[in-house]
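The values are calculated or read from the model by the stated rules, or taken from the named source; none is laboratory data. All values derive from a computational prediction rather than experimental measurement. With ideal geometry, Cβ positions are generated from the backbone for all residues, glycine too; neighbour counts draw on all protein chains shown. Calculation scope for accessible area: heavy atoms of the full protein, side chains included, ligands and nucleic acids excluded. Shrake-Rupley method; radii C 1.70, N 1.55, O 1.52, S 1.80 Å.
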Amino acid sequence: MKLLYKFNLVLLLIFALGWFATAQLTRRVLQDNAKREVVSHASLMMEAAMAARDYTSNEVKPLLAKALQTQFLPQSVPSYAATQSFNKLHQAHPDYSYKEAALNPTNPRDRVVDWEADVVQQFRDHAELKELTGERQTPAGPSLYLARPIRISDGRCLACHSTPAAAPATMKALYGSNNGFGWKLGETIGSQIVSVPLAVPQREAEHAYALIMGGMGATFGVILLAVNALFYLLVLRPMNRISRIADAVSAGRLDAEHFDIKGKDEIAVLSKAFNRMRRSLEKAMALLA
Ligand code: HEC
């Protein structure tokens, strides 16, 4: 096999291995980053929902205490406040949503849908679970959800969610007596679920991946061309010439062209040695003649 082929074969093999390893690693890192970014968006939304809940129970509800005696105001309910404020965000960004999904909700809009029921069930089956994330397909593209359990850890919740008899009449007038009752202390009754779109960060990750791999491919290509050109100009071409001249000299053609390469590299050293050998040969031939 020719030297150039051997060189190229080894280079290509190294490049192919490097390419494959880089591709795997880059893709994993980029996708992990994209996911981490989306999860941090979701966490931030979850924190915002918690803030809206706290604000409502600590600051809004006390202000409404008097009005609540005669009329039930959903605005005093933390769950309502968080859901409503995120509905506004949802209108502007339909891919983002927040829901307090319950198996048996007071407000029917909070009822779990199929996949949310699975999430709630997981929290019910594993009391130690504090948070769940997962991906699912939606008509608008892939979406990531972050979920936290809603556990009844405060006896005061039961004032409105245990039995219709215990609940304020004003509340029953608004919500009826059929839903949102029968919750028990310690029970996981639902889950806060934040959904954020995955498509944009995933597309950005794909784009970065294409750029990195394209850049790497182009660099490989240029290195391959440069190595081939240098190898040809500095090694192969002088070697072909020297072997042509050696052929001619060995066939007794003393008029063969001179081979003279200036410099200090190995080929120049070889050319000098060759010329010395040629001169000795010519002298020896002259002596014989
Ligand atoms: C004063 C009555 C009252 C109390 C006390 C109360 N809730 Fe509610 N809760 C409601 C009402 C009314 C709704 C429905 C609000 C709406 O229309 O979105 C609701 C909704 C919810 C929801 C959303 C699911 C659903 O049922 O629609 C969750 C979760 C929830 N409450 C949890 C709790 C927890 C946990 C506590 C105790 C810390 C609590 N609630 C205390 C009245 C109450």
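Observations, loosely collected:
- Candidate set from the range 65-91 (those that are open to solvent by 90 Å² or more (accessible area, probe 1.4 Å) and in a helix (DSSP H, G or I)); member that is farthest from the ligand (Cβ to nearest atom): 91
- Boolean, residue 186 is open to solvent by less than 30 Å² (accessible area, probe 1.4 Å) and at pLDDT 90 or above: no
- Residue 125 being more than 8 Å from the ligand (Cβ to nearest atom), under 17 Å from residue 152 (Cα atoms) and free of Cβ contacts under 8 Å to residues at least 24 places away in the same chain: yes
- Answer from 245, 267, 261 - the residue that is closer than 30 Å to residue 13 by Cβ and either of a type in the set (A, V, I, L, M) or touching a Cys at 6+ places or on another chain (Cβ under 9 Å) (or both): 267
- Qualifying position, being modelled with pLDDT of 95 or more and either over 19 Å from residue 187 (Cβ atoms) or away from the ligand (no atom under 12 Å from the Cβ) (or both), among 112, 60, 119: 119
- Going through (1) closer than 30 Å to residue 226 by Cα; (2) open to solvent by 100 Å² or more (accessible area, probe 1.4 Å) one by one, residue 44 falls short only on (1).
- Among the residues examined, residue 196 qualifies as in contact with a His (Cβ under 8 Å, 6 or more places away or on another chain) and within 30 Å of residue 22 (Cα to Cα).
- Selection within the range 139-182 - part of a strand (DSSP E or B) and either of a type in the set (D, E, K, R) or exposed (fewer than 12 other Cβ atoms within 10 Å of the Cβ) (or both): 148, 151
- Criterion violated by residue 99 - all others in (1) surrounded by 14 or more Cβ atoms within 10 Å (Cβ to Cβ); (2) among the basic types (Lys, Arg); (3) more than 13 Å from the ligand (Cβ to nearest atom) satisfied: (3)
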